[in-house]
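I have placed the structure first, in the form of C-alpha cells, so that the comments after it can refer back to it.
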Amino acid sequence: MAVISPSRRLRRTPFSDGVEAAGVKAYTVYNRMLLPTVFESVEADYRHLKDHVQVWDVAVERQVELRGPDAGRLMQMLTPRDLRRMLPGQCYYVPIVDETGGMLNDPVAVKLSEDRWWISIADSDLLLWVKGIANGYRLDVLVDEPDVSPLAVQGPKSEDLMARVFGDRVRDIRFFRFDMFQFEGRDLAIARSGYSKQGGFEIYVDGTEIGMPLWHALFAAGEDLNVRAGCPNAIERIEGGLLSYGNDMTDDNTPHECGLGRFCDTQTAIGCIGRDALLRVTKEGPVQEIRPIAIHGDAVGPCDRPWPIFGGGRRVGQVTSTAWSPDFKTNVSIGMVRMTHWDPGTVLEVECPDGMRSATVQDGFWL
Ligand code: THG
C-alpha cells in the first residue's frame, strides 16, 4: 500500500508528535483526522494491551459541544435513549438516528452540566446534522467543535498509571462516569471508559497546548509498568463486540439491527426525531441483526468491503469486520445476519477474498 499524503484537510492531533516518535506504522482516517492503527504489529499491540497499559491518541473522537438553555432538549432530539435520569458526571452510549430511524452515529454523550454537553462522536459528520437541527428548530443553543481531544489509557495496569499522574482519586471513578482533575493548572474531565474491554480511562484534553506535556507525563510515570503507545486494536475490539460505525453499521441500519436496542427507550424518548419511525420498525422486531461469527480456517485478511454470507445457497447477510485471534485461535468476526440464520450454532458460508469458507454463528462475543 502507498502512503497518505499530508495536508491541512487531514488533521494532525495534539499528540501526533508523540505518536510519530513512538514509531507508528499505520494510520486510518477518521473524522478527517489521523488515527493510528498499528505500532509494533496488530498482534503484538493486542498482546501488550491485554497484559500491560497503553496510551492511545483517540483525538479523532471529536466533541460536538452543545451549550445553552436548549442543550438538553436538543440532545434528546438526537437519540432514542431516554436521557431524563442522566446526571452531570455521567456518560451514556447513545445511538443517534435520523428521521427514518437510521443510525447516524454511535457516540458517547457526556453531560457536563444541565446546559453543557459533549457528544464524543464516531466517524460521521454529526456536527452538520446537529447544527441543522439546532438552527431549523430555532433552539437557544450553541453548537460547535471545541479544541478537546480524548487521550485514552487502556489495559489492566491503567488504573495504577493514572493514579500516579492524577492521584488516587481516579480509582473512585465508576464505569461511564467522569470527574474533574487538574493537570498543569488546567481542569480536565476524566472518564472510566474507552474503546476496549481491558478497562481504562479517557482524558478529555482541553487545549492542544497541554497535549504533549500530558503525553510525556504518562510515559515518564509508567516506565516500570511497561507503558507503550497504542491504539484501538482490531482484534481486541472484535473479540469484545465493540461496533465500528461505517464498518459494522451505517445509516441503512436501525439501532435494533445493531444490537443496540438496549440503549433505546423509544416509548419514552419524547422529542427524538426518529421516534415515530423507530416505533413503526421495532413493533415487529428487526429481520436482521449483528452477530459474532467465527470464520473457520487459517487467518483471513482484514475485511475492507462487506463479504457476502450464504446459508442454504441463499444470501443471508454480510461480514463487516474480521481478525485472526491469537487467544481464541479462530477468525473472530462481526456480521449482519438475517433472522432465518442468526441462531447460535448456525453454520454459514462466507465469501472471503480467498474463496468460500465455512463459519459459525457464536452465542456471544469472545470476551
Ligand atoms: N470513547 C469516546 N468516544 C468515542 C468512542 C469511545 N467515539 C467514537 C466511538 N468510540 C463510539 N463508539 C463506541 C462504541 C462502544 C463504546 C463506546 C463508544 C462502549 N461500549 C461498551 C460496550 O458495548 O461494552 C459500554 C456501553 C455501555 O454499557 O454503556 O464503550 O470509545 N469518548
Report task. Using the 2.2 N^0.38 Å rule of thumb for compact globular proteins, work out how segment 57-114 stacks up: its C-alpha Rg over that value, please. Result -> 1.13
Report summary line: Projected area averaged over all directions for the convex hull of the alpha carbon atoms of segment 274-337, nm², comes out at 6.2
Query - Cα-derived Rg to Rh of segment 104-175, Kirkwood definition - result: 1.09
Requested in this report: Could you tell me whether segment 3-50 comes out rounded, prolate or oblate from its Cα gyration tensor? Rule is a ≥ b ≥ c as square roots of the eigenvalues, rounded for a/c under 1.5, then prolate if a/b exceeds b/c, otherwise oblate.
Outcome: prolate
Query raised in the report: Looking at segment 265-367, which trypsin sites (Lys or Arg not before Pro) are in a loop (DSSP not H, G, I, E or B) and have at most 15 other Cβ atoms within 10 Å?
Result: Lys283, Lys329
**Report entry** Within straight-line cross-link reach of Lys111, lysines at Cα separation under 25 Å, skipping those fewer than 8 residues along the same chain
**Finding:** Lys131, Lys197
Report summary line: Given a Förster distance of 30 Å, the FRET efficiency implied by the Cβ-Cβ spacing of Asp187 and Thr268, rounded to the nearest 0.05, works out to 0.35
Query raised in the report: What list of ³J(HN,Hα) values in whole Hz, one per residue of segment 354-367 in order, does the Karplus curve 6.51 cos²θ - 1.76 cosθ + 1.60 (θ = phi - 60°) give from phi, with Gly and Pro shown as x?
Result: 9, x, 6, 10, 7, 8, 10, 5, 8, 8, x, 5, 7, 4
Query raised in the report: Computed over the Cα atoms of segment 206-315, what is the convex hull's projected area averaged over all directions, in nm²?
Result: 12.6
Query raised in the report: Per the Debye formula with a single identical scatterer at each Cα and no solvent contribution, what log10 I(q)/I(0) holds for segment 66-211 at q = 0.11 Å⁻¹?
Result: -0.43
Requested in this report: Counting other Cβ atoms within 10 Å, keep those with at most 16, restrict to DSSP loop, and tell me which trypsin sites (Lys or Arg not before Pro) in segment 102-210 are left.
Outcome: Arg138, Arg174
Query - Assigned charges on the beta-carbon of Lys, Arg, Asp, Glu; the chain dipole about Cα centre (debye) - result: 500
Requested in this report: State which stretch of the chain is the longest one without any exposed GluC sites (Glu not before Pro), exposure meaning a DSSP loop state and at most 13 other Cβ atoms within 10 Å.
Outcome: 185-283
Report summary line: quick shape note, segment 164-203: Cα extents on principal axes in Å, largest first -> 31, 16, 15
Requested in this report: Any chance you could tell me what percent of the C-alpha pair distances in segment 29-144 go past 23 Å?
Outcome: 37
Report task. Sticking with the crude label model, points 7 Å out along Cα→Cβ, report the distance from Asp17 to Arg164 in nm, one decimal please. Result -> 2.2
Query raised in the report: Restricting attention to the alpha-carbon atoms of the chain, what are Rg (one decimal) and Dmax (integer), both in Å?
Result: 20.6, 64
Query raised in the report: Across 5 Å bins from the origin, how do the percents of Cα pairs in segment 307-351 run, short distances first?
Result: 5, 23, 30, 23, 13, 5, 1
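Computed from the coordinates by the stated procedures, all read-outs in this text should not be read as laboratory data. Everything numeric here is computed off the predicted structure, so don't read it as measured data. Because the Cβ atoms are built from the backbone with ideal geometry, glycine has one as well, and the counts that use them run over all protein chains shown.
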